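To start, the structure under review is shown below, and the notes come after it.
The values are calculated or read from the model by the stated rules, or taken from the named source; none is laboratory data. Source: prediction; values computed, not measured. In this analysis, Cβ positions are derived from the backbone assuming ideal geometry, glycine residues included, and neighbour counts consider all displayed protein chains. Ligands, DNA and RNA are excluded from the accessible area calculation, which covers all protein heavy atoms including side chains. Shrake-Rupley method; radii C 1.70, N 1.55, O 1.52, S 1.80 Å.
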Amino acid sequence: MPSEMAIRSRSATASARPWSASGANRTRRVSVESRSSLCTSPPSPGPPVAAVYPALRPDRVELVVRRPFSGPAPVTTVLQGTPPLGFQIYSAICLATSPRTTTRAGTDMTEPTVNYASSSLGDDALEAAFEEALRAIRAERPAPQPLVIGGEELHTGDVIVREDPCHAGVVIGAAHVATTEDVTRAVAAAKTAAGPWRRTPYAERVAMLRAAREDIAQEIAYLSAVVSAETGKTRLEAVGEATEVLDMIAHYCDLMIENDGYCAPLKPSGGDTNFDVMVPYGAFAVISPFNFPVALSIGMMVAALVTGNTVVLKPSDKTPRSTAEIAAILRRHLPAGVLNVLNGGAGVGQALAKSDVDGIAFTGSAHVGWELVATRSPSGLPRPVLAEMGGQNPAIVAASADLEAAAQGIVRSAFGLSGQKCSACRRVVVDRRVADDLIDALVRETEKLVVGDPLDRDSNLGPVIDDSIAARIDEAIATAQQDGRVVTGGRIDRPGNFFAPIIVTDLPLGHRLTREELFAPFLAVTAVDDFDAALAEANAVDYGLSAGVFTGEQAEIDRFLDEIQAGVIYVNRAAGATTGAWPGVQSFCGWKLSGSTGKGGLGLWYLPGFMKEQSRTFAGQQ
Ligand SMILES: NC(=O)c1ccc[n+]([C@@H]2O[C@H](COP(=O)([O-])OP(=O)(O)OC[C@H]3O[C@@H](n4cnc5c(N)ncnc54)[C@H](O)[C@@H]3O)[C@@H](O)[C@H]2O)c1
Ligand SMILES: N[C@@H](CCC=O)C(=O)O
């Protein structure tokens with residue numbers, strides 16, 4: 001019986017990048033290599049290649065196959081479905097064109113083109129489809145999203161509603177709230193489904209998730225509109241987020257394949273055969289924030305699922321619809337019980353943290369994240385808590401910097417999504433000799449920004465998420481007026497929580513507005529004497545998520561790379577001083593208070609956090 005296949009698809013990874021050339025008539029080279037069934041438990045037959053990697057068309061795939069352990073001489077053949085009995089696939093060149101996927105507007109999304117560094121959608125059909133979808137969402141009365149437990153949708157219980165942050169009173173999302181009993185039942189369902197899901201060959205799990213990705217690619221305009229409606233983010237940010245979902249799924253699936261399901265042979269010893277195998281923990285709670293309600297929930301869910309864990313998802317109560325809708329697409333491709341959904345706020349999150357889940361993936365604020373890290377399972381044993389949290393991200397501007405590039409990169413990162421990104425630039429630390437010129441450039445760039453409704457094509461930023469963050473901004477402005485100088489920005493006189501982006505200078509060194517995460521369109525500029533002082537000030541916070549530097553001096557770049565205390569760093573980047581990380585392109589690891597594991601999402605080392613290691617030694621040669 002053929003053993004489980006492991007597929008290496010490095011060029012497929014590259015083809016998923018938003019910057020790669022158009023997919024038409026591209027030849028995909030997919031090296032496919034088998035791994036001994038000793039890595040699986042129990043051994044399982046290899047599924048047909050076309051099921052594993054949908055882009056492969058069996059009639060157009062040239063395969064090199066070999067019998068297990070039969071030496072290096074390969075036999076070339078053409079695959080028709082499952083590998084011939086007793087053979088293992090060694091490598092493959094796919095001659096087929098990738099399937100093209102289209103949005104409702106007929107836009108090809110096979111090769112995603114919008115990312116967080118884009119300055120426009122560049123696609124009239126997509127613009128029109130987004131507008132039509134957003135108008136429709138605002139006009140309808142949404143049905144509450146159900147709870148999902150063990151494959152059953154439950155339309156019962158209290159309902160939370162989400163109002164459009166651009167139009168008070170217009171309900172655009174709703175969901176049934178979980179009770180404590182629902183939490184217990186959902187966790188039990190996830191634990192029941194965990195065994196069969198863990199034993200499903202990873203290549204089949206990958207195939208299911210990639211099929212879900214194809215469905216999501218059809219819905220980019222609609223999903224972006226739902227995200228805009230619930231968060232108030234502009235269409236560029238929303239389409240960027242929906243597009244990130246596609247690359248997030250592609251990236252984590254590719255990583256699983258490239259790493260042979262995280263099963264590797266170790267050195268043979270005294271006639272023994274040895275393997276290092278990564279095994280999923282079981283059932284993971286996934287608790288997501290409001291600001292990227294589809295990308296970040298998908299990122300955590302797909303990482304948990306592809307590695308063989310089942311999931312109990314708890315979306316933010318500020319975005320109950322966006323997260324539930326993307327989860328519904330995923331669920332269509334998964335066995336019952338593998339993905340369960342519990343709606344609600346902090347109380348439901350706390351109940352989940354007290355439950356018998358085997359691990360927690362959390363993205364959100366530091367105070368909640370570190371509270372979760374301190375929890376134990378009911379048995380008293382520790383469990384993994386992968387928490388990715390906030391930031392107080394600096395951009396250093398040296399005397400030798402290109403000030404126009406610096407101003408562009410800083411304004412983009414400080415005020416995109418109204419400063420409600422964990423990676424947003426919150427502080428500028430500038431050499432005193434160029435401070436006035438930089439502040440002038442920052443104000444010029446900032447005052448070009450249009451604050452408005454995502455329905456307007458010209459809007460560069462929307463409202464902030466709710467009254468509580470708006471109240472924090474009002475308070476911060478009052479404090480800044482007293483302790484420093486507000487050089488531009490403030491509340492806009494219109495219904496809703498709209499703010500013109502705020503720049504503040506002259507706060508005393510160490511002021512709390514330069515140390516705490518406000519999560520708002522609020523930027524503090526601090527002038528310092530030299531690069532030493534700039535590095536010291538940049539590092540003088542408890543957070544360590546992202547940071548940027550603008551300088552013309554190589555020695556300063558080298559010092560920044562060596563000394564800055566942050567996991568995501570950028571050098572001289574006008575497209576975003578501290579923001580814009582993308583799956584497989586940047587990794588996204590929070591240092592210090594910003595992350596609990598020393599490994600981040602988006603990069604190379606996230607998936608192993610969802611698995612525990614096991615060494616397997618078999619006496620004798622296998
Ligand atoms: N590092 C990253 O990758 C990253 C990405 C996005 C956002 N963030 C951070 O997230 C924060 C903004 O998001 P938010 O306001 O939704 O964060 P939040 O911490 O308020 O909420 C996040 C999630 O936790 C739930 N929750 C709240 N209190 C809880 C508790 N006591 N126990 C369990 N669950 C609880 C919420 O309902 C929500 O689902 C910012 O601090 C931002 O920097 C970090
Ligand atoms: N990946 C996004 C941030 C996500 C968190 O809020 C960026 O890098 O700008």
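Per the conditions (1) buried (at least 24 other Cβ atoms within 10 Å of the Cβ); (2) within 11 Å of ligand 1 (Cβ to nearest atom); (3) more than 16 Å from the chain's Cα centre (by Cα), the sole criterion not satisfied by Ser594 is (3). Applying the condition of being of a type in the set (Phe, Trp, Tyr) and farther than 12 Å from Ala406 by Cβ to region 540-579 and asking which residue is farthest from ligand 1 (Cβ to nearest atom) yields Phe560. From (1) within 10 Å of ligand 1 (Cβ to nearest atom); (2) open to solvent by 10 Å² or more (accessible area, probe 1.4 Å); (3) among the hydrophobic types (A, V, I, L, M, F, W, C), pick out the condition that doesn't hold for Leu352. All conditions are met except number (2). Only residues that are open to solvent by 10 Å² or more (accessible area, probe 1.4 Å) and within 15 Å of ligand 1 (Cβ to nearest atom) were counted in region 325-347, giving 3. Scan region 554-562 and give yes if some residue there is open to solvent by 10 Å² or more (accessible area, probe 1.4 Å), touching a residue at least 24 places away in the same chain (Cβ under 8 Å), closer than 26 Å to Arg427 by Cα and not assigned by TED's automatic domain parsing to the domain that holds Ala250, otherwise no. Checked region 554-562: at least one residue is open to solvent by 10 Å² or more (accessible area, probe 1.4 Å), touching a residue at least 24 places away in the same chain (Cβ under 8 Å), closer than 26 Å to Arg427 by Cα and not assigned by TED's automatic domain parsing to the domain that holds Ala250. Note on region 361-392: residues that are within 16 Å of ligand 2 (Cβ to nearest atom) and in contact with a helix residue (DSSP H, G or I) (Cβ under 8 Å, 6 or more places away or on another chain) total 10. Leu604 - would you say it is open to solvent by 40 Å² or more (accessible area, probe 1.4 Å), under 25 Å from Ala194 (Cα atoms) and more than 12 Å from ligand 2 (Cβ to nearest atom)? Judged against the criteria, Leu604 is a match.
Within region 361-375, being open to solvent by 40 Å² or more (accessible area, probe 1.4 Å) and outside any loop (DSSP other than H, G, I, E, B) holds for His367, Val368, Trp370, Glu371, Val373. Of the residues making up region 399-419, those that are assigned to a helix (DSSP H, G or I) and away from ligand 2 (no atom under 16 Å from the Cβ) are Leu403, Glu404, Ala405, Ala406, Ala407. When Ala207 is tested against (1) assigned to a helix (DSSP H, G or I); (2) under 25 Å from Ser119 (Cβ atoms), only condition (2) is not met. Among the residues making up region 521-532, those that are buried (at least 24 other Cβ atoms within 10 Å of the Cβ) and either of a type in the set (A, V, I, L, M, F, W, C) or within 16 Å of ligand 2 (Cβ to nearest atom) (or both) are Pro521, Phe522, Leu523, Ala524, Val525. Do you know which residues across region 105-146 are β-branched (Val, Ile, Thr) and at pLDDT below 95? Selection gives Thr107, Thr110, Thr113, Val114.
Residue count for region 192-204 satisfying the condition of being closer than 30 Å to Pro378 by Cβ and either under 24 Å from the mean Cα position of the chain (by Cα) or open to solvent by 70 Å² or more (accessible area, probe 1.4 Å) (or both): 7.
For Lys318, state whether it is within 14 Å of ligand 1 (Cβ to nearest atom) and open to solvent by 20 Å² or more (accessible area, probe 1.4 Å). Judged against the criteria, Lys318 is a match.
Right, Thr578: more than 16 Å from Phe362 (Cα to Cα), among the hydroxyl-bearing types (Ser, Thr, Tyr), surrounded by fewer than 21 Cβ atoms within 10 Å (Cβ to Cβ) and in contact with a strand residue (DSSP E or B) (Cβ under 7 Å, 6 or more places away or on another chain) or not? Taking the combined requirement at face value, the residue does not satisfy it.
Taken together, the residues in region 162-187 that are without any contact (Cβ under 8 Å) to a residue 24 or more places away in the chain and crowded, with 18+ Cβ neighbours inside 10 Å amount to 1.
Among the criteria (1) at positive phi; (2) touching a strand residue (DSSP E or B) at 6+ places or on another chain (Cβ under 9 Å), the one His511 does not fulfil is (1). Could you tell me whether Val434 is open to solvent by 10 Å² or more (accessible area, probe 1.4 Å), away from ligand 2 (no atom under 16 Å from the Cβ) and over 20 Å from Glu241 (Cα atoms)? So Val434 passes the test. When Ala225, Ala242 are checked against the criterion of being more than 15 Å from the chain's Cα centre (by Cα) and open to solvent by less than 10 Å² (accessible area, probe 1.4 Å), Ala225 stands alone in meeting it. On the stretch given as region 420-468, residues that are assigned to a strand (DSSP E or B), within 24 Å of Ala536 (Cβ to Cβ) and away from ligand 1 (no atom under 16 Å from the Cβ) total 4.
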